[in-house]
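Read-outs: derived from the displayed coordinates by stated rules, not from any lab. Only a predicted model underlies this, so the values are computations on that prediction, with no experimental measurement involved. Cβ placement follows ideal geometry from the backbone for every residue including glycine, while neighbour counts extend to all protein chains displayed.
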Amino acid sequence: MIINGQAVAHPWAAHYVPLPSVENVLLRELLAEAGAALPRVGAAAGGDVWEPLLLCPMPVERLFAPHAPTPGAAGSRPSGRWLECPDGLLPTHLLTDDDRAQLRALRAAVAAEASRMGGGRRFAVPVAHSRVDARARTLDAQSAAQWLNSLGVTSAQVHWWAEYGLRDDYGVDLESASAWALVHYFASRDSDERLEAAEGNGWLVRYLASKLGGRVRAGALVFDVAADPPAEGRSRPEGATVRYWDAESEQTVALHARRVVYAAPRFTAKHTVRGYAPEWLGNFTYSPWVVANVALRRPPAHAEASPPLAAAARLLR
């Protein structure tokens, strides 16, 4: 982003990394190599000391409630106001006693599911570290909406809050996501703290790129990935051929690789990776995210009516 002729760091997409759990050893090691963790002396496994300039607590959100009365406003007609919500995106100022009771019931149910007896962690990031058993399959067989209703959680405000989490992580609503996915959203992280910088995750991208040296090929649009035929006497392919459009030379380029990591949404893979068309892919729902960086020439004229510049503002519908 260019402001007054100067480049200003800003996020392009994902803008933070949640603190990894103890079980997520590989991510912890990567973050330590990238300089996000300070050297440890006699610390137990998982006792990382994170770089203070990157460590960010859960932000106090500023939510605009369009139907909330403005303090001191003349008349009884609500005109809306900004609310500071220390509990994330939950508009606690607008909850009734019944809403709060249902919220407590939801949190108690999540804690109960996460603490069920058995070996291994029930809900973890990455998902592959989560335990899969009969109870997990039961939760996965019902929608998040059905599970909430079975708990007696019918509050519109609590449903909005729970659904926001599902839309945030999975891009779906309470009817489309499973109860397991909802519990996983709330129970899989050990901390609300995260690693965050002005340029989003740019610091981590730069570290990864630095390890590749001159092998990074920018301006390259991959449109075809094809596994090579297996060598004689072998059942598995020995590599793959990747074809891409090189924007600088305006030519198609083909290269051979022993292994290919397709780090893109899976719904795009069926258009790019030959022979990739699993039946379950059609059951997935995807939603786009847009990251917008807004630069202001000066602070808002009416500070009381506007949120702080450093705070995130979201509209309560």
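Observations, loosely collected:
- The orientation-averaged projected area of the convex hull spanned by the Cα atoms of the range 88-181 comes to 6.2 nm².
- Packing-based order for 281-293, 53-65, using average beta carbon neighbours within 10 Å, highest first: 53-65, 281-293
- Length-normalised contact order for the range 109-264 - Cα pairs under 8 Å, 6+ apart - percent: 15
- Computed from backbone phi with θ = phi - 60° and the Karplus coefficients 6.51, -1.76 and 1.60, the 3J(HN,Hα) list for the range 13-18 is 8, 3, 10, 7, 10, x Hz; x is used for glycine and proline.
- Percentage relative contact order, the range 223-262, counting C-alpha pairs under 8 Å, at least six apart: 33
- Burial order of peptide ranges 250-258, 7-15, 89-97 (average beta-carbon count within 10 Å, highest first): 89-97, 7-15, 250-258
- From the alpha carbon centroid of the range 155-182 to that of the range 245-296 is 26 Å.
- For the range 223-289, the convex hull drawn through the C-alpha positions has a volume of 113 cubic angstrom per residue.
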